[in-house]
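Structure first, then comments.
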Amino acid sequence: MTGENEKIGERAATRCGFVAIVGAPNAGKSTLLNALVGTKVSIVTPKVQTTRTRIIGIVIAGESQIVFVDTPGIFKPRRRLDRAMVEAAWSGARDADLVVHLVDAARAARRGIDDDTRRIVAGLKEGKRTAVLAINKIDRVEHPALLPLAAELDRSGAYDRVFMISALTGNGLDDLRDALAGRLPAGPWLYPADQVADAPLRLLAAEITREKLFLRLGQELPYALAVGTESWEERKDGSVRIEQMIYVERESHKPIVLGKGGRQIKAIGTAARTELETLFDRRVHLFLRVKVAPRWVDDPERYRELALDFPR
């Protein structure tokens, strides 16, 4: 009887909830998520608006399970794809138990608070969502410049806590994590204790390849690019065979991805395969093809992956 009561008490003591990370493009949301989780669950590139889907990372802090949601950057949308990304971000904020608004301190110190940040503040207030403010990249700013920035944002009334952090160095992350853990609703954990992410492996594999494309091609490649995992074959020797399609909008984009004699796509495939083997801890056979799809950004199928439902 005593043992059963102890088990009930343990269940009652646990906390679990969703925390959405929102911010302007390139505020460091994916870097923050990866740092909190302790492993890579979201792709990171120097390009803005890299994250297109809601990526979930899971963190254990004491008796709390924090389910972090890395959302696409919030900005003024111009294309249909942009509008889908922004709506996915706001949907994540609406559905979450807590919201963290991440602000790039280095950018604000150089240019002041930008329109994207003000747009997010207004959206939080309109939605009556009080958020936690996390001022990021403090390692790149003189400390005297941080206090006026924090004070100006705090006066908006959109926040009830302010944290100074560096997702890159880890400074302040323990305090942020512990504060969030203590504010989650009481309840059972939604995921096993050793699970760090909730994304289909097919999607994660496609995202890793897309990251390598952005990193390898830099400014040569337009944003109008997508990667889809076409097939996933589990093999008897424990390895996996993955076929992916890279979608580009124009015929002129195809040779950029392929490179002279196919060297570029071979290098991209090697980089993606190497990382996938590390992530999956097994051998990966990766095959990449390139297809011209002139209006893929208007394909409804591409938007369904932007709005992943939370498991309630």
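Packing around the peptides 166-177, 230-241, taken as the average count of other Cβ atoms within 10 Å per residue, puts them in this order, highest first: 166-177, 230-241. Would you mind counting up the charge near V103? Only other residues with Cβ under 15 Å from its Cβ, with Lys and Arg at +1 and Asp and Glu at -1. Net charge in that neighbourhood comes out at +3.
Each residue, V196 and D237, gets one label point 7 Å from its Cα in the Cβ direction; the gap between the two is 2.7 nm. What shape does the stretch 163-261 take by its C-alpha gyration tensor, where a ≥ b ≥ c are the square roots of the eigenvalues and a/c under 1.5 counts as rounded, a/b above b/c as prolate, and the rest as oblate? In terms of gyration-tensor shape, oblate.
For the stretch 103-204, the Kirkwood estimate of hydrodynamic radius, built from reciprocal distances between every pair of different alpha carbons, is 15.7 Å. Surface listing: T229, T274 arranged by accessible area from highest to lowest gives T274, T229, probe 1.4 Å.
Roughly how many Å is it from the Cα centre of the stretch 136-199 to that of the stretch 90-113, as a whole number? Computed from Cα coordinates, the inter-centre distance equals 10 Å.
The values are calculated or read from the model by the stated rules, or taken from the named source; none is laboratory data. Just so it is clear, the structure is predicted and the values come from calculations on it, not from any experiment. Cβ sites come from the backbone with ideal geometry, for glycine too, and all protein chains shown count toward neighbours. All accessible areas refer to the heavy atoms of the entire protein, side chains included, with ligands and DNA or RNA removed. Shrake-Rupley method; radii C 1.70, N 1.55, O 1.52, S 1.80 Å.
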